[in-house]
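Here's the structure we're looking at; comments come further down.
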Amino acid sequence: MNSQEVLRIIDSICRDKSIDKEMIYADLEAAMVSAARKAYGQVEDISVKIDRMTGQISAVMEGRPIAMAELGRIAAQTFKQVMIQRIREAERGSIFDEYSDKVGTVVTGTVARFESGALVVNLGRAEGFLPRSEQIPGETHHVGDRVRAMVLDVEEKPNQVRIVLTRSHPDYIRRLFELEVPEVGERIIEIRALAREAGYRTKVAVSSIDSKVDAVGACVGVRGSRVRNIVDELGDEKIDIVRWNESSQILIANALKPAEVQEIALCFELNRATVVVAEDQLSLAIGKRGQNVRLAARLTGWDIDILTPVEYNKGLDDMVKALRSIEGVDDMLLEKFMTMGIISVGDIEEIGPEPLIKELEVSEELANHIVAEAAEAAKRLAAEAQAAKEAAAVAAAEEAARAALEAEAAPAEGEAVAADGEPSGPEANTGEAMAEETTAVTSEAPTEFVSPEAEKSDG
């Protein structure tokens, strides 16, 4: 191999493996030193130099030059093994550096194989690992399918670089919006909050720094074209795009859409929002298996309780009744409770006396008395609710037993009538007896025929 071929091979390796050229030269020189020591023994004074411009190899051992071509087969094999190992290590380092910079970005590859439910994705120079926990539930893939995912983590193992991918992480939605919506990628529209249950539903709160750009409309696109591309990529996962607002009350109302909200009470001490909706909006606000309110709570950062007007008013009435008899509690103090978002005796018991002393400026003695009365009222109301629940269960059981008895009795009454409408009970037996008596009388009558003329002669 001449010097030009050496330079050409080094250039090819550097391009294919994305390895620094100087690193390749250093690895080649180290491999040649190992080969020379294999041929001449453990000689310390051995040096090999490759000219970076001409590719000429010069080797010196104890002050005298040696020819690398004369080292023999064993030395050549040692050189090959050392060189392969060095190139693999350099390639792993290059892949680690490359994909470490891509953490949080979206990559595309093809499914290469399956490993215990996980997907191994061919990314070109490397393979990505998509664990089952990072896949979208219910989604299926086949070998050769194109897969889009986000780089979640890069780990350097002893023999490989492990690139962990994800399709279920909430930030994957953020990256897809950056790709599909130019305004998001240019930071004109900002995704302020995001909550996701992968494979089912996602809520995204957006705002715009440009008053001329409608954040929600830009993310949806013309006839929903932009968000439709993201939904298709996620396997028809539902995406709700809501408008961000600095007011927590407005944001909570937006997050609970499509349900219509009547009233929202915020309790900052408990970080709880009590939302009042009409009876016909209750199931819509809660969502299937509580999904809508759960995602809204994660999106806004508030614990959200959904109540109907009847439940809301009952909680207020119970609180007023429990505290009205306490000396020092008047209508103004009760109004302050409601202003703080305290709407039930359970809330008072949970927050304790400290907020009442600091926020409402009541005495410590009165605050402790209020909390104690609220705790007693909460226990009493809980016992009453439990008794009512047990009574309802007993009534339901009795109703079910009565219905079962009626169901058992119904076929017995039906058996009294035959299929053709004739009696099949005691009345039927009576009819059969009458028929038998008629037959018996008929069989006893004379069967001899006497003509009228014979009767005259007898007379």
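Please report the spacing between the Cα centers of region 114-179 and region 75-113 in Å, no decimals.
After rounding, the separation between the Cα centres reads 18 Å.
Treat the count of other C-beta atoms within 10 Å as a stand-in for reagent exposure and order S116, S133 from fewest to most.
Numbers: S116 6, S133 9.
Ranking S116, S133 by Cβ neighbours within 10 Å, fewest first, gives S116, S133.
Compute the long axis of helix 21-40 from its Cα atoms, compare it with the longest principal axis of the Cα atoms of the chain, and write down the angle in degrees, 0 to 90, nearest 10.
70 degrees
Within 12 Å, Cβ to Cβ, of T308, how many net charges do the neighbouring residues add up to if Lys/Arg are +1 and Asp/Glu are -1? Intermediate results must be reported in sequence, preceding the final value.
Values: positive: K314; negative: E263, E279, D280, D305, E311.
Summing Lys and Arg as +1 and Asp and Glu as -1 gives -4.
According to the square roots a ≥ b ≥ c of the eigenvalues of the Cα gyration tensor, what is the shape class of region 102-166, taking rounded for a/c under 1.5, prolate for a/b larger than b/c otherwise, and oblate for the remainder? It would help to have the intermediate numbers written out before the result.
On the way: a/c = 1.44, a/b = 1.37, b/c = 1.06.
Since a/c stays below 1.5, the shape of region 102-166 is classed as rounded.
Net charge near W244: determine it from the other residues with C-beta under 9 Å of the C-beta of W244, scoring Lys and Arg +1 and Asp and Glu -1. Working shown, then result.
Values: positive: R192, R243; negative: E190, E246.
Net local charge, W244 excluded: 0.
Straight-line reach from K288: which lysines have Cα under 29 Å away, leaving out those fewer than 8 places along the same chain?
Qualifying lysines at Cα under 29 Å: K203, K238, K257, K314, K389.
What number, rounded to the nearest 500 deg cm²/dmol, is the helix-based mean residue ellipticity at 222 nm of the chain, given -39500 (n - 2.57) per DSSP H run of at least four residues and division by all its residues?
Details: 17 runs with 232 residues, N = 459.
Theoretical 222 nm ellipticity from helices: -16000 deg cm²/dmol.
What angle, in degrees between 0 and 90 and rounded to the nearest 10, separates the Cα long axis of helix 73-100 from the longest principal axis of the Cα atoms of the chain?
Rounded to the nearest ten degrees, it is 50.
Calculate the FRET efficiency for R113 and L179 from the Cβ-Cβ distance with a Förster distance of 35 Å, rounded to the nearest 0.05.
Working: r = 27 Å, r/R0 = 0.78.
The computed FRET efficiency comes out at 0.80.
Cα gyration tensor of the chain, axes a ≥ b ≥ c as square roots of the eigenvalues: rounded (a/c below 1.5), prolate (a/b > b/c) or oblate?
On the way: a/c = 3.58, a/b = 1.68, b/c = 2.12.
Oblate, since a/c reaches 1.5 and b/c is not below a/b.
If contacts are Cα pairs under 8 angstrom and at least 6 residues apart, what is the relative contact order of the chain in percent? Let's see the in-between values first.
Working: 585 pairs, mean separation 30.0, N = 459.
It rounds to 7 percent for the chain.
Could you tell me how many degrees, from 0 to 90 and to the nearest 10, lie between the Cα long axis of helix 309-324 and the main elongation axis, the longest principal axis, of the Cα atoms of the chain?
Tilt of helix 309-324: around 90 degrees.
Per 0.36 nm of contour for each residue apart, how much would the distance between S225 and I188 grow if the chain were fully extended, relative to their Cα-Cα spacing?
Here the answer is 11.4 nm.
Read the figures in this text as sums done on the coordinates, not as results from a lab. As the structure is a computational prediction, the values presented were derived from the model and not from experiment. Heads up, the Cβs are rebuilt from the backbone with ideal geometry, glycines too, and the neighbour counts pull from every protein chain shown.
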